[in-house]
Amino acid sequence: MASALFFYVFAVLAVASGAMVILTKNPVHAVLFLILAFFNAAGLFVLLSAEFLAMLLVIVYVGAVSVLFLFVVMMLDVDFAELKAGFIKNAGIGAVVGGIVLAEILAFVGYRGLTAASSLNVASPVPAAGSGITNTQALGEILYTKYVYFFEGASMILFVAMIGAIVLTLKHRVAVKRQSIAAQVARGPKTGLEVIKVPSGGYVIPPAGKHPEAAE
Amino acid sequence: MIDSTVLQVVLPELILAIGAIALLMVGVFMKNGEAAGRVVSWLAVGLLIVVGIAVFEQGGSATVFNGAFVSDSFTRFLKIVILVGAALTLLMTFDNFTRAKLLLFEYPVLVLLATLGMLMMVSANDLISLYLGLELQSLALYVVAAFSRDDVRSSEAGLKYFVLGALSSGMLLYGASILYGVTGSTSYVSIASAAGLPEMATNVGLTFGLVFVLVGIAFKVAAVPFHMWTPDVYQGSPTPVTAFFAGAPKIAAMALLLRFTQAAMPTAAPQWQQIVIFLSIASMALGAFAAIGQTNIKRLLAYSSIGHVGFALVGLAANSADGTSGVLIYLAIYVAMTLGAFACVLSMRRGDRYVESISDLAGLARSDLTFATILAILMFSFAGIPPLAGFWAKWYVFLPAIKAGLYPLSVIGMVSSVISAFYYLRIVKVMFFDEPAEAFSPREGRTSAVMALSAFFATVFVLPFVGGAIVDAATAAASVLVSAHPL
């Protein structure tokens, strides 16, 4: 009874905040409603006793993705009046495409053409239902043992992504002065002060590279 | 759990992964950028040789990680070919990248990681390891395609390759998820046994999954009609990178195709045979016709590689042990000749400027007869003129196809082989009979060595102790794949 009540609370809030994401005028509010939708979806997962997915949803989608969205929305100056004008113009085509997709989904749900015909490999729940092991623990038990090869393979892929991002974007600009805190702290009277004899009637250009903070 | 026998089976991959990480550290801690690039490149070549020895020293067949990773004579044959291809392309890189100020230590590290992905692809015996290997390889290749980041065409090549590669990965994943949903397993062995059940014979989901996975792999081997990215990416990427693209990654993707079709889908052979025959005919025809109008030699080699993938697929279409060994022989010969051809392209230099136009080769025979002769041998070999290696490559794929009764496929293949001979021979004609263009600058030693080696291989393949040894190894490799999973 209680779980049914919670289901309806989460479900109604999820659908309502989903609707608000596209209805609200202020883009920052839209992202905040999106976060609310994620939280409610996480609640639904908890009701299904899939607490690991619920945690992932909160950590990854709320913690990382939505915050990134928020930054982008706040930094980009999007003209919403202009977007609205385009909306009215293309509403007809949008409605047709949306209608077709909806019809396809309904047809597919009705048809159920792709059936799991073979009973040979039907996976049994791991761990067996009622064994009292949470699914976070169950995942942890196989991720580093049975699936260690896949785990390490995926980590190599992330490694390549990291190297690639650095190679393609990092530029060493020669003309830019960078702050070197170590050099600044180490600066004393010996390195910071220089006595230069200026001949009377002449001038002296101090040798470059003597000042530690000017290096790099 | 992991014990020492498992480590022995994955030893080459382990050495390569740890070595790549160690070389990255070496590069990061060396102050001088260019010296770091040079040192890490040489160490990378050394590492690839060590990995090659580790692969060579393995014996027998073993499956580890719950059937996700397989090591047998089939994987060993292809891994050796891939490692040789990767090591020789690294050797050809120095001169070009030094001039282009691209000799960064990240390049050899990315090539090593791409090679690691290829080894994982060759050994993949599970849909998840298939995908992980493929992504590791592709991601490293997207980066090296855009490696010359100040060059618009290189960035364009990287972006195009990335977008189309991501699309193809998506299709492959979609197919893999359908296959998993229908058969209840990601392991090739379980998929094969589930697909072999009588009630699965008419299952739509199985065919859908098969088609999507094949489309994803066809993108990676650049088989028509999934080839559109190839000419632009080959032309835009720095030439040493193109040389790498044309060789090792295709071998790995073909290995994936061979094992997936024959180990996971032996009962669906009638379905995938149709697809492979179509891909093969379309690739051979496009490779023959589209290359005729090309003036840029890198684009020409791109279309030529599309055609050669078509020829290799003829062997797979035959669906027999002979056909599979034909594909393996074709791939080994193709890599050897492609490396030589790109070594020739890398030697087309006037001062500090690299040229890529076919007309730049005019009258080469009068200024550099050795260069012209080597390129002529390679072109004759590509065209399939006996007794050069290219002829035997075609011989070993068309013979099983004819035995399997695929007469239309064989006839179309031979006709397109004759048509493609036109543009190969045109290069020979330009070099030997046209009015000389400005002579090239002196060749660089390592690149010349690679092209000489390649031409030498193409010439002596006919000798029994060269060609025969490769044919024997390929036959043994193919028999493992086919006998483990009786058709």
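Flag set for A:THR145, criterion: at the interface with chain B (Cβ under 10 Å from one of its Cβ atoms), surrounded by 11 or more Cβ atoms within 10 Å (Cβ to Cβ) and at pLDDT 85 or above. I'd like the full set of residues that are closer than 30 Å to B:LEU104 by Cβ, outside any loop (DSSP other than H, G, I, E, B), modelled with pLDDT under 80 and open to solvent by less than 70 Å² (accessible area, probe 1.4 Å), limited to segment A:168-216. A:PRO212, A:ALA214 - these are the residues of segment A:168-216 that are closer than 30 Å to B:LEU104 by Cβ, outside any loop (DSSP other than H, G, I, E, B), modelled with pLDDT under 80 and open to solvent by less than 70 Å² (accessible area, probe 1.4 Å). A single entry from B:LEU112, B:LEU23 fulfils the requirement of being touching a helix residue (DSSP H, G or I) at 6+ places or on another chain (Cβ under 7 Å) and within 11 Å of another protein chain (Cβ to nearest Cβ): B:LEU112. Evaluation of B:ASN203 against the conditions (1) under 20 Å from B:PHE162 (Cα atoms); (2) within 14 Å of another protein chain (Cβ to nearest Cβ) shows that the sole unmet condition is (1).
For segment B:131-147, the count of residues that are over 26 Å from the mean Cα position of the chain (by Cα), at the interface with chain A (Cβ under 7 Å from one of its Cβ atoms) and free of Cβ contacts under 8 Å to residues at least 24 places away in the same chain is zero. I need a count of the residues in segment A:42-60 that are open to solvent by 60 Å² or more (accessible area, probe 1.4 Å), in contact with a Ser or Thr (Cβ under 7 Å, 6 or more places away or on another chain) and farther than 17 Å from A:ALA14 by Cα. Of the residues in that region, 1 qualify.
Every residue, every condition in (1) farther than 18 Å from B:ALA376 by Cβ; (2) in a helix (DSSP H, G or I); (3) touching a residue at least 60 places away in the same chain (Cβ under 8 Å), yes or no:
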{"residue": "B:VAL397", "(1), (2), (3)": "yes, yes, yes"}
{"residue": "B:LEU409", "(1), (2), (3)": "yes, yes, yes"}
{"residue": "B:TYR423", "(1), (2), (3)": "no, yes, yes"}
{"residue": "B:PRO436", "(1), (2), (3)": "no, no, yes"}
{"residue": "B:SER441", "(1), (2), (3)": "yes, no, yes"}
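Take the residues in segment A:113-130 that are open to solvent by 60 Å² or more (accessible area, probe 1.4 Å) and more than 11 Å from chain B (Cβ to nearest Cβ); name whichever of them is modelled with the highest pLDDT.
Step one: list which residues in segment A:113-130 are open to solvent by 60 Å² or more (accessible area, probe 1.4 Å), which gives A:114-116, A:119-120, A:122-126, A:128-130.
Still in the running and more than 11 Å from chain B (Cβ to nearest Cβ): A:125-126, A:128-130.
On the way: A:PRO125: 57, A:VAL126: 58, A:ALA128: 61, A:ALA129: 60, A:GLY130: 65.
Among residues in segment A:113-130 that are open to solvent by 60 Å² or more (accessible area, probe 1.4 Å) and more than 11 Å from chain B (Cβ to nearest Cβ), the one modelled with the highest pLDDT is A:GLY130.
For residues in segment A:47-105 being in contact (Cβ under 8 Å) with a residue 12 or more places away in the chain and not in a helix (DSSP H, G or I), which is nearest to A:THR136 (Cα to Cα)?
Checking each candidate, the answer is A:ALA50.
In this structure, is B:ASN32 surrounded by fewer than 22 Cβ atoms within 10 Å (Cβ to Cβ), closer than 20 Å to A:ILE163 by Cα and within 14 Å of chain A (Cβ to nearest Cβ)? So B:ASN32 passes the test.
Is it the case that A:VAL21 is assigned to a helix (DSSP H, G or I) and surrounded by fewer than 16 Cβ atoms within 10 Å (Cβ to Cβ)?
It is false that A:VAL21 is assigned to a helix (DSSP H, G or I) and surrounded by fewer than 16 Cβ atoms within 10 Å (Cβ to Cβ).
Taken together, the residues in segment B:351-397 that are open to solvent by 10 Å² or more (accessible area, probe 1.4 Å) and under 16 Å from B:ALA312 (Cβ atoms) amount to 6.
Name the single residue, out of those in segment B:40-64 being of a type in the set (S, T, N, Q) and assigned to a loop (DSSP other than H, G, I, E, B), that is nearest to B:GLN8 (Cα to Cα).
Filtering first and then ranking leaves B:GLN58.
Yes/no matrix, rows are residues, columns are (1) open to solvent by 10 Å² or more (accessible area, probe 1.4 Å); (2) within 14 Å of chain A (Cβ to nearest Cβ); (3) of a type in the set (A, V, I, L, M, F, W, C); (4) in a helix (DSSP H, G or I):
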site	(1), (2), (3), (4)
B:ALA166	yes, yes, yes, yes
B:LEU179	no, yes, yes, yes
B:VAL182	no, yes, yes, yes
B:VAL189	yes, yes, yes, yes
B:ALA192	yes, yes, yes, yes
B:ALA223	no, no, yes, no
B:PRO240	no, no, no, yes
B:ALA243	no, no, yes, yes
B:ALA255	no, no, yes, yes
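For segment B:1-29, filtering for residues that are out of contact with any Ser or Thr (no Cβ under 9 Å at 6 or more places or on another chain), open to solvent by less than 30 Å² (accessible area, probe 1.4 Å) and either not in a helix (DSSP H, G or I) or not aliphatic (A, V, I, L, M) (or both) leaves 2.
In summary, A:MET156 fulfils each of the numbered conditions (1) over 24 Å from B:SER187 (Cβ atoms); (2) at the interface with chain B (Cβ under 10 Å from one of its Cβ atoms) with the single exception of condition (1). Report yes if B:GLN273 is of a type outside the set (Ser, Thr, Tyr), open to solvent by 10 Å² or more (accessible area, probe 1.4 Å) and modelled with pLDDT under 95, otherwise no. Spelling it out, B:GLN273 is indeed of a type outside the set (Ser, Thr, Tyr), open to solvent by 10 Å² or more (accessible area, probe 1.4 Å) and modelled with pLDDT under 95. Scanning segment B:139-161 for residues that are among the small types (Gly, Ala, Ser) and touching a Pro at 6+ places or on another chain (Cβ under 8 Å) gives B:SER148, B:SER154.
B:PHE65 satisfies every condition listed in (1) among the aromatic types (Phe, Trp, Tyr); (2) touching a helix residue (DSSP H, G or I) at 6+ places or on another chain (Cβ under 8 Å); (3) open to solvent by 80 Å² or more (accessible area, probe 1.4 Å) except (3).
Table: residues versus (1) in a helix (DSSP H, G or I); (2) of a type in the set (Lys, Arg); (3) closer than 20 Å to B:THR261 by Cβ; (4) more than 11 Å from chain A (Cβ to nearest Cβ).
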{"position": "B:ASN66", "(1), (2), (3), (4)": "no, no, no, no"}
{"position": "B:PHE77", "(1), (2), (3), (4)": "yes, no, yes, yes"}
{"position": "B:ALA87", "(1), (2), (3), (4)": "yes, no, no, yes"}
{"position": "B:PHE94", "(1), (2), (3), (4)": "yes, no, no, yes"}
{"position": "B:PRO108", "(1), (2), (3), (4)": "yes, no, no, yes"}
{"position": "B:GLY117", "(1), (2), (3), (4)": "yes, no, no, no"}
{"position": "B:MET120", "(1), (2), (3), (4)": "yes, no, yes, no"}
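Yes or no, residue by residue, for (1) closer than 16 Å to B:LEU90 by Cα; (2) without any contact (Cβ under 8 Å) to a residue 40 or more places away in the chain; (3) of a type outside the set (Ser, Thr, Tyr):
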{"residue": "B:LEU7", "(1), (2), (3)": "no, yes, yes"}
{"residue": "B:ILE18", "(1), (2), (3)": "no, yes, yes"}
{"residue": "B:GLY37", "(1), (2), (3)": "yes, no, yes"}
{"residue": "B:TRP42", "(1), (2), (3)": "yes, yes, yes"}
{"residue": "B:ASN66", "(1), (2), (3)": "no, no, yes"}
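Residues of segment B:141-156 that are part of a helix (DSSP H, G or I), closer than 20 Å to B:MET118 by Cβ and among the hydrophobic types (A, V, I, L, M, F, W, C): B:LEU141, B:VAL143, B:VAL144, B:ALA145. Quick one: is B:LEU83 closer than 27 Å to B:ALA62 by Cα, within 13 Å of another protein chain (Cβ to nearest Cβ) and either open to solvent by 10 Å² or more (accessible area, probe 1.4 Å) or in a helix (DSSP H, G or I) (or both)? Answer is no for this residue.
The values are calculated or read from the model by the stated rules, or taken from the named source; none is laboratory data. Keep in mind the model is a prediction, meaning the values are calculated, not measured. We place every Cβ from the backbone using ideal geometry, glycine too, and count neighbours over all the protein chains shown. Only protein heavy atoms, including side chains, enter the accessible area calculation; ligands, DNA and RNA are left aside. Shrake-Rupley method; radii C 1.70, N 1.55, O 1.52, S 1.80 Å.
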